[in-house]
Each structure stands twice: as C-alpha cells, then as structure tokens.
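Participant: First, the structure itself, so that you have it in front of you.
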Amino acid sequence: MIALEKRPEPSKLWSWATPILAVIATMIAGGLMFAALGKDPVESIRTIFWDPIFGEFAFYYRGQLLIKAGPLILIAIGLSLGFRAGIWNIGAEGQYIIGAICGAAVGLAFYPWDSFIVFPLMILAGALGGFLWAMIPGILRVKFNTNEILVSLLLVYVAEFILASMALGALKNPDGAGFPGSRNFRSYPAAYNEEIITGTGMHWGVVAAFIAVIFAYVLLARHLMGFQIKLAGQAPRAARFGGVNPSRLILFCLGISGALAGLAGLFEVSGPAGQISIDFNVGYGFTAIIVAFLGRLHPIGILLAGLLLALTYIGGEAAQSSLGLPAAAIQAFQGMLLFFLLAVDVLTNFRIRFGKREVA
Amino acid sequence: MSVLLNLKGLTKAYPGVVANDDVSMVIKSGEVHALLGENGAGKSTLVKMIYGLVKPDSGTMEFSGAAFAPAEPRAARAAGVAMVFQHFSLFDALDVAENIALGMENPPKMRDLAQKITEVSNAYGLPLDPSRLIGDLSAGERQRVEIIRCLLQNPKLLIMDEPTSVLTPQEVDILFKTLEKLRSEGTSILYISHKLEEIRRLCDTATILRLGKNVGTCNPRIETARAMAEMMVGEVLHVPERKPHAQTDVALELRSLSIPSPSAFGTSLKDISFNVHRGEVLGIGGVAGNGQDELTGALSGELKSPAGQMMFAGKDVGNLGPNARRQIGLLAAPEERLGHAAAPDMSLTENAVLTGTVRKSLAQNGFVNWGAARDFAQEVIDGFDVRTPGTHTVARALSGGNLQKYVIGREILQKPEVMVVNQPTWGVDAAAAAAIRQALLDLAAEGAAIIVISQDLDELMEISDRFAALNEGRLSPPVPAAGLTVDQIGLMMGGAHDLEPMHE
C-alpha cells in the first residue's frame, strides 16, 4: 500500500519543485491526448512551448507574450491576496469588464481633447470601476454574510450584459456607420495605451503588472497587512485573537483585487483591444485564477506562471492554426496544468510512504 | 478472576519516537484497571492497538484466551471491545437516537432503538431522552450518549479515555456508580486518567506508563497518590510556591456582563460580575462548555461587551478590540493552542508578531520589524525553557507542553497588568505544568492581576486566592479558595445539571 504521511513542516524544496513537476506531467498527459487525437505529440508540445519563443515566427509571438501575460499577472496578483486570506473573488472577469468600461467612458468623454491628463484619468477611472464592482460582493458579505464566491461570479454575467449594452448604446462610435463597438483608441493618441518599446509588447499595463508584483511582494513579506492576510487564511480564530478585523480584511482584499482587475481591463481596452466591443472580454479574469494557484499565490511565482500560461495561449493558437488541433483540446491542456498542480501539491505537506497502512 | 486481555511485549514505533516499548499487561475479567501516565507516555497508542486503530510492530494480544489482532475497530467491537473517546464524535444537529444509529453497523428501527436506549440508560443510572438534540446537551450528557452507544454492544471490555475531565464532582459520582455496576456484572474497564485521587477511589489495579514503557503495576488503594505521581513523572515533583497576597486596588471589574453567544451551540454569558485585584489570582472553574470560551473571548476583546459592563482601571474597555486591550495591558491566552493562541503553520517568530506588535513595538508605520520579532521569540524561548530547534520552527512542530510554555511566556514577557489564561496546563506534562503555574504566581507577585479559567480543580485550588465557577454562562460569586470542600465546589459548578442519578 502507498500511504501519505503528514510532514512536521511544509517542505521548502517541494513547494518549489511541484510547479515544475506539474508542468512536466501536463506535457506528458497532454502529449498522450494529442496522440489520441492523431497528432504528433512531440511536435504539438514543441509548437506550444518552443516555437513561440525560438521558432521561425518568434518575432511576432514574443510581443504577444507580454501582451497576454500582463493582464493575467495583474489580475492574479490581486486575487492571490484574497485567496491567501480565504476570501474567494471568482468574479475578476466582471471587475475587468467594468474597469474597461469606466476607463473607456472617461477617455471617450474627453474625445478629441489632446492632453497628457486624459490617460491618467482613464487609469483612475478603470481602477475605481473595478474597485466598486468588487465592493458589491464585499459589502454584501460584510453586512449580510452572503457568499462572495457566488455573488462575484454571478456579477460577471451582469457585467457582460452591461458591456453589450454599452457597445450597442452609450459608448457606440457615433462615426461608426451603425456598427457595434466604441471609437478605436488607436485613432485617439492622448488616450491610447501605446507600446513603450516597439515590438516587445511592453505597454503600460505590463509596467503596472510588474509594479503590482513588487508591491505584493513587499506587502506580504514586510507589512503588517500582509501578515494579517496570511494569518486570516491559515488560522481565522488566531487572526481574530491577533486583532485582525475580518470585515476590513474582506473589503481590503476584494477592493485591491477589483481595482487591479479593473486596471487590467482599462489597459487592455485602451491598448491591445483598442475599443469596447460586445466580445471584448476573453476570460483573463478566470484564467488568472489558474495563474494565481500555479504561482503558489506567491508574487514571483505568479509572474512566472503568468508568462507560462500566456505561452500556452499563444502556442495553443499557433497549434490550432498550424496543426489543426481543436480549441477544446488546448483548453483541456490548460486545465490539466491546474489539475496536476493541485494533485502534486500534496507532496508539499505530505510524504509518500510505501508499506503497511497505518492510522496513527 | 480469569484473564480477559493479555498484552505481551507490544512495541510500536513512529518515526523519531518509540510510542510503546515492550509493554506487557494483564486485564482480568470484572476489574477496573487504570492506565496511568503523562501526556506522551504512550497511553493512547496502547489503547488504539487494543481497539484496532493501530497495528503493533511486534508483540501479541490474547482476548478471552484466543489470539487477538483486530485489523480495524469493527473487528475489535465484534470481539467485545468498546471505547469512549475523550473527544466526542457526535453531530450537534441530530438527536440522541440518530447519533447512536449512525455509529451502528445494522441499526434497528428508530422506534425500537429509542426504546432500547431508554431501557439501557435507566438500567445503568444514566437517564437520557433519545429524542433530544445533541446541541442542547451538557458535556456530561454527551458523554452518556457515547457510553450508552458502547453499552448497546454488550462489551466485555470498556475503554474510557479521561472520562471525568468534562464532569462536575456530582456527575463523577454518577459515572462511578455506573462503572461499579458494570464491574459487578463482570465487564472489565480500562480507565485512562492522570487524576490520581479518582483512580484510588475507583480502580482495582493500576498500570503506569512512562516514555512508552510499563514502569510498574500497583494497587492504587494502597499506594499513595504522590508515590504514583512520582512513578509517572520519574522525578520528585515540584510544588509551586506562593506568598499570601495583601488586599490592593481593583484591576479589572465586570458588572453584570451579558453577551449572547456568537454561535448557535455556544453558551451565552449571563449577568457575570466579579473583580480582580492587583497581585491576586482569581480561579474560575466549571465543566467544559459552560461559557469558558465566551468569557475568555469577552476578556481578550474578540467579543465586545455592552457599555459599562467591563471596567479596567476605572475606564470602560468593553468596546475595545484585542490590540487596544493589549495597549492598556489586558492580555489573554486562549485555551486552544493550535489555531487560536498560535497559528499552526507559522513560525515562532511570526507567532510572536501575532500578539506582540503593540507592547513590544514589533512594527513601525505598519512594517513588521522581523529582527525585533525574532529577538522577542528567542527571549520567550530562553525565558520559558521552550524546547525547539529555533525561532524558525512552525508552531505545530512543538509538543503541547512546549507550545503552551511559548504561548504563556509570550504574554507574560509583555508585562501584563491583567492576564487571562484559559486552561493553562491542559494536555501539558507535569513538569511543564508546574513551570507554567509558577510563572503565573511569579507574575501575580509582581503585581499583575490574574484570571485563570480551568477545568482542573486541583490546579485552581493550588494557585487561586479566590474561586468562582461558571455554570451555563452564569458565574457564582467568588469566594476565598482556602478551605473550600469538594462538595461546595461541586454545588458552585451546578451540581449534576439537575439530573438525578437513578441508582438505588
């Protein structure tokens, strides 16, 4: 029999090794799945993981990497704070949409005023929009003890309808010949989130993501608030005894994650996406949950996990077009990554023993 | 008397520790056999082997003359071994009969079962209404549910793990009469405890374990309690010293404190009044679940009090949170070490920050000074003889006694004006318990007021100047501890919860 034995202390080695092990296991299981679909497993894996960085068309894909990783990291950093404290904001996608709408609305309201102040105002509006949208589950939880998982998730669908209504109504491009969607920020330089260095994909949202990583690192390692976040997640009773105010912590964590998701939405709509459209959101808010856990809720881990998942997105698209892999297979592949991570995670707190079964 | 259970050379090792080392003992039919030992002496491992929860590495067991090696508790139960655990496994929201049915392999119809429960409970003097919800029962009544669950199996051997820790003296009397009746019917009882006086009252034989080894079998009626204690500990016991205390200022006063319980099955505090003076130890006794946790929470600031009901140095402090109370010098150490007084997966340094930020200035402008925190953790480790590899060790890696010394030491070194401790020596070995009691008395001698909430009456009598008891959220008026008799204490603790024994 194989038995699991609880370690006296969590293993430092395994907490670093499990993500790598999970990636390898995903490659093997994913390869088997691709083989079952009749594709060459080695070539499929190479197309997903290798070609976007080192292949023939890498000059195009490399820029895409940061564009995709930026919002994932930005959102995941915010989510990770709440997840550590046991506060489950599942609705970052909704906060992302509302942040984008608010930020875009401010930019469009100033059109065509050409001033350096427009873009900073849009950033503020984006963060505020996401923050307020996240306050809905926050205040409901604090006042009425509702479940923030359900409320935040359901608000995603509300946000999607608001998005559709904005794209078709209030924010519709007046010069757009009746097509749905707002003005494109590419044609409004004061509000456009341009690439800072051409060809790298580096825009202000990516800068914000890096700042968020550093901010979260310092918060968790040095600040009392970070200590309280970890404490509340690990031992809620000890946290109350230690003077942590649970309501304040809930509002803080939901507020930060909402604001960061809103920022991600704003940087996306004013940059890579360019405009508010009906199908503006592509699921960054949900994928960021995977990124947060893949990164072990650690800021540096999230940075690496965001890049890795962005790679599977880009590589996955490449594999769809060049090898004809179905989109569902790519999604299953990404799901496997989270699945394997959670499965091998057990090794951090438990060791495997081969031998007789014991109940201590 | 014939031999019921014969253990020969049982050995069980876990990584890093030998829990049982070549333990042999004999339990005869119809005897009450005490198993004595400190926490960690190997009592639990030994009974888990008998009950089929743990397999011995080597050694054999014989039950009623036949080889006995239960692979799981079901096999042990089928052979006639039943066990009442210290921690009850009952569902609050179900009634008595439903809980008992859940533990049975082939439960009969509920109506038949309810009738059976009533019969058995009356026959053994443990009245119990099968239709009552567990959540509404006292700890003593819950224990009855567990005992009746066992009795329905007609066991030949009944194992009881520390059964009296949740009972008032009067309830202990009822329980002992039941056990004596069982003994007279030929049932053997293996009685685990470290309360020596009860063992002398009840048991025919006592086997003493120390560090996993059987260090002797004796007749507890002949041996003195002190001699058995020293066999248990393996050294001469240190009795805390205390000086009589002179009447001084009131440090903390509660005026008819009433707080509804935050949880559905908790106990609301009702009309609690007491004061405690500088340099005084106020002992608060009572059976578990009568408001101890709620009172600790109300004093630590986790529960807020209505205006005017809690006065500290003449000021109303009822509305202050835990850190604001630490600021003025009102410190607390809750009962549950892991998860309440300390975060299990955090290091001792991080656990120093848990309560030490305010009085030890471990944070500036919201940023934690980890160097200072480490120094403070080290100070606690050195000052209170906490055995641990270092400040980086996580709390759950410490033994109960060491963690308790750390938790108490962490508060004492913050120089409290008023110190509240709940169950300061629960599950702690005798040497550590003596050290903790001495530290509390020293703190009182320096002029702090101390409130000790405990279910260990011997402990309270040893260190308290005045004594009061909690019963269903109400506190009896505090009286001087010197000269109190067990009967008086029992009445303060609420007698036998108005349940008359049915022994004739």
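The values are calculated or read from the model by the stated rules, or taken from the named source; none is laboratory data. Note that the structure is a prediction, hence the values are computed from the model and not measured. Using ideal geometry, Cβ is built from the backbone for each residue, glycine included, and neighbour counts are taken over all protein chains shown. These accessible areas exclude ligands, DNA and RNA; they are computed on the full protein's heavy atoms, side chains included. Shrake-Rupley method; radii C 1.70, N 1.55, O 1.52, S 1.80 Å.
Participant: In the set B:PRO306, B:PRO334, B:PRO322, which member is in contact (Cβ under 8 Å) with a residue 60 or more places away in the chain and either open to solvent by 30 Å² or more (accessible area, probe 1.4 Å) or facing chain A (nearest Cβ under 9 Å) (or both)?
Facilitator: Of B:PRO306, B:PRO334, B:PRO322, the one residue that is in contact (Cβ under 8 Å) with a residue 60 or more places away in the chain and either open to solvent by 30 Å² or more (accessible area, probe 1.4 Å) or facing chain A (nearest Cβ under 9 Å) (or both) is B:PRO334.
Participant: Okay, moving on. If I ask for residues that are at the interface with chain B (Cβ under 7 Å from one of its Cβ atoms) and either of a type in the set (Asp, Glu) or open to solvent by 30 Å² or more (accessible area, probe 1.4 Å) (or both), which ones from the stretch A:224-244 would you list?
Facilitator: A:LEU224, A:GLN234, A:ARG237, A:ARG240
Participant: Does the stretch A:134-154 contain any residue that is closer than 17 Å to A:ILE276 by Cβ, open to solvent by less than 70 Å² (accessible area, probe 1.4 Å), assigned to a helix (DSSP H, G or I) and not basic (Lys, Arg)?
Facilitator: Looking through the stretch A:134-154, none of the residues is closer than 17 Å to A:ILE276 by Cβ, open to solvent by less than 70 Å² (accessible area, probe 1.4 Å), assigned to a helix (DSSP H, G or I) and not basic (Lys, Arg).
Participant: Another question, if that's okay. Is it the case, given these coordinates, that A:GLY262 is modelled with pLDDT under 95 and surrounded by 20 or more Cβ atoms within 10 Å (Cβ to Cβ)?
Facilitator: When the stated conditions are applied, A:GLY262 does not pass them.
Participant: With closer than 30 Å to B:LYS43 by Cα, open to solvent by 20 Å² or more (accessible area, probe 1.4 Å) and touching a residue at least 40 places away in the same chain (Cβ under 8 Å) as the only criterion, which of B:VAL421, B:VAL428, B:VAL486, B:VAL452 stands out?
Facilitator: Selected residue: B:VAL486, the only one of B:VAL421, B:VAL428, B:VAL486, B:VAL452 that is closer than 30 Å to B:LYS43 by Cα, open to solvent by 20 Å² or more (accessible area, probe 1.4 Å) and touching a residue at least 40 places away in the same chain (Cβ under 8 Å).
Participant: Follow-up question, since we're still on this one. Can you tell me which residue among B:SER58, B:SER24 is in contact (Cβ under 8 Å) with a residue 40 or more places away in the chain, open to solvent by 40 Å² or more (accessible area, probe 1.4 Å), within 26 Å of A:PRO8 (Cβ to Cβ) and of a type in the set (Gly, Ala, Ser)?
Facilitator: The match here is B:SER58.
Participant: Output the number of the condition that B:ALA372 fails; it satisfies all remaining conditions of (1) open to solvent by less than 10 Å² (accessible area, probe 1.4 Å); (2) at negative phi; (3) in contact with a Leu (Cβ under 9 Å, 6 or more places away or on another chain).
Facilitator: Only one criterion in (1) open to solvent by less than 10 Å² (accessible area, probe 1.4 Å); (2) at negative phi; (3) in contact with a Leu (Cβ under 9 Å, 6 or more places away or on another chain) is unmet by B:ALA372, namely (1).
Participant: Which one is nearest to B:ARG396 (Cα to Cα) among residues in the stretch A:2-60 that are basic (Lys, Arg) and out of contact with any strand residue (DSSP E or B) (no Cβ under 8 Å at 6 or more places or on another chain)?
Facilitator: A:LYS12
Participant: Return the residues of the stretch B:43-55 that are within 13 Å of chain A (Cβ to nearest Cβ) and crowded, with 19+ Cβ neighbours inside 10 Å; say none if nothing qualifies. Full working, then the answer.
Facilitator: Residues of the stretch B:43-55 that are within 13 Å of chain A (Cβ to nearest Cβ), as a first pass: B:44-45, B:48-49, B:51-55.
Across the stretch B:43-55, the qualifying residues are B:SER44, B:THR45, B:LYS48, B:MET49, B:TYR51, B:GLY52, B:VAL54.
Participant: Return the pairs, sorted by first residue and then second, in which the second residue is part of a helix (DSSP H, G or I) and open to solvent by 60 Å² or more (accessible area, probe 1.4 Å), the first residue lies in the stretch B:79-95 and is in the same structural domain as B:THR164 (by TED's automatic domain parsing), the beta carbons are less than 8 Å apart, and the residues are 6+ apart or on different chains.
Facilitator: B:PHE91/B:GLU98; B:PHE91/B:LEU102; B:LEU94/B:LEU102
Participant: Let me ask something else about it. With touching a helix residue (DSSP H, G or I) at 6+ places or on another chain (Cβ under 7 Å) and within 14 Å of chain A (Cβ to nearest Cβ) as the only criterion, which of B:ALA373, B:ALA435, B:ALA430, B:ALA397 stands out? Show your work before the answer.
Facilitator: Working: B:ALA435 fails: within 14 Å of chain A (Cβ to nearest Cβ); B:ALA430 fails: within 14 Å of chain A (Cβ to nearest Cβ); B:ALA397 fails: touching a helix residue (DSSP H, G or I) at 6+ places or on another chain (Cβ under 7 Å).
Going through B:ALA373, B:ALA435, B:ALA430, B:ALA397 in turn, the sole match is B:ALA373.
Participant: Restricted to the stretch B:145-203, and to residues that are small (Gly, Ala, Ser) and assigned to a helix (DSSP H, G or I), which residue is nearest to the chain's Cα centre (by Cα)?
Facilitator: Keep residues of the stretch B:145-203 that are small (Gly, Ala, Ser), which gives B:165, B:184, B:186, B:188, B:193.
Those still in the list that are assigned to a helix (DSSP H, G or I) too: B:165, B:184.
Numbers: B:SER165: 6, B:SER184: 29 Å.
Per the stated criteria, the residue is B:SER165.
Participant: Sticking with this one: Looking at the stretch B:44-71, which of its residues are within 15 Å of B:THR11 (Cβ to Cβ), in contact with a strand residue (DSSP E or B) (Cβ under 7 Å, 6 or more places away or on another chain) and outside any loop (DSSP other than H, G, I, E, B)?
Facilitator: Result: B:THR45, B:LEU46, B:MET49, B:ILE50, B:SER58, B:GLY59, B:THR60, B:MET61.
Participant: Right, next: Considering only residues that are farther than 28 Å from B:LEU457 by Cβ and of a type outside the set (Gly, Ala, Ser), which ones fall in the stretch B:288-308?
Facilitator: Within the stretch B:288-308, B:LYS304, B:PRO306 qualify.
Participant: Can you give me the number of residues within the stretch B:259-287 that are closer than 20 Å to B:GLY494 by Cα, surrounded by fewer than 16 Cβ atoms within 10 Å (Cβ to Cβ) and hydrophobic (A, V, I, L, M, F, W, C)?
Facilitator: Here the count works out to 1.
Participant: Here's something else I'd like to know. Among the numbered criteria (1) more than 20 Å from the chain's Cα centre (by Cα); (2) at pLDDT 80 or above, which one does B:PRO501 miss?
Facilitator: Here B:PRO501 meets the rest and fails (2).
Participant: Just need a number here: residues in the stretch B:187-214 that are open to solvent by 40 Å² or more (accessible area, probe 1.4 Å) and under 23 Å from B:ARG144 (Cβ atoms). Give the steps one after another, and end with the answer.
Facilitator: Initial filter on the stretch B:187-214 (open to solvent by 40 Å² or more (accessible area, probe 1.4 Å)): B:194-195, B:197, B:200-201, B:204, B:210-211, B:213-214.
Now drop any that are not under 23 Å from B:ARG144 (Cβ atoms), which leaves B:194-195, B:197, B:201.
Total meeting the criteria: 4.
Participant: Evaluate the stretch A:187-197: report whether one residue or more is closer than 18 Å to A:ALA69 by Cβ and either in contact with a helix residue (DSSP H, G or I) (Cβ under 6 Å, 6 or more places away or on another chain) or surrounded by 17 or more Cβ atoms within 10 Å (Cβ to Cβ) (or both).
Facilitator: So far as the stretch A:187-197 goes, yes, one or more of its residues are closer than 18 Å to A:ALA69 by Cβ and either in contact with a helix residue (DSSP H, G or I) (Cβ under 6 Å, 6 or more places away or on another chain) or surrounded by 17 or more Cβ atoms within 10 Å (Cβ to Cβ) (or both).
Participant: With the condition being open to solvent by 40 Å² or more (accessible area, probe 1.4 Å) and at pLDDT below 85, I'd like the helices (runs of 4 or more DSSP H) fully within the stretch A:272-360 carrying at least 1 qualifying residues.
Facilitator: Here the list reads A:327-344, A:346-349.
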